[in-house]
Amino acid sequence: MKKILSTFAVPALVVLFFASCMKVHQPQQQQTCTYNPCSYKAPDSEITAVKHYLDSVGISANQHCSGLFYTVVDSGTGVRPDVCFNSIIAKYKGTLVNGSVFDSGQFSSPIDFAHLIQGWANGVPFIRQGGEIRLYIPPSLGYGKNPYGSIPGNSILIFDINLVQVY
């Protein structure tokens with residue numbers, strides 16, 4: 001009897017031990033995105049200020065539901081970025097309404113939309129890889145009421161963006 005148990009029980013225990021260590025492959029759950037670019041709208045006073053600026057310099061731009069204004073310079077031909085799942089590399093120049101440049105350059109590595117200001121997250125998806133867009137960003141979709149580096153608080157931001165790569 002002992003011989004029968006050892007013949008069958010030991011190998012069965014070994015198989016059960018290793019089977020319990022094996023990973024169970026379950027289908028990967030699909031990620032969901034709750035990003036809604038219209039969920040936050042700039043205050044009417046900021047939208048009016050951007051409109052006033054655009055009118056004063058004779059610029060016609062599209063208005064987004066968030067209060068962002070934009071002009072697509074070149075729609076591009078590559079991949080369109082998804083705010084929830086993509087990272088991007090972009091060349092950019094940021095100016096204030098008085099024409100002073102506060103920043104310019106290119107991202108040295110891909111950056112995801114969670115690390116960008118709201119105006120970029122709402123505007124960049126209007127173009128595809130290789131495209132260019134100009135964004136007119138109300139303060140609350142940019143850096144808000146507080147100064148940020150050389151940017152005074154409550155500043156309307158203008159960004160010229162070239163979407164170099166979508167990851």
Modelled FRET efficiency - R0 41 Å, Tyr35 with Ser100, Cβ distances, 0.05 increments: 0.80
Mean Cβ-within-10 Å packing, highest first, puts peptides 51-60, 137-146 in the order 137-146, 51-60
When Ile156, Ile111 are ordered from fewest to most other Cβ atoms inside 10 Å of their Cβ, what list results? Ile111, Ile156
Within the range 56-93: backbone nitrogen closer than 16 Å to the Asp112 label point (7 Å, Cα to C-beta): 81-89
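None of the figures in this text is laboratory data; all of them are computed from the coordinates on show. Please read these numbers as outputs of a predicted model, since none were measured by experiment. Note: ideal-geometry Cβ built from the backbone for every residue, glycine included; neighbour counts use all protein chains shown.
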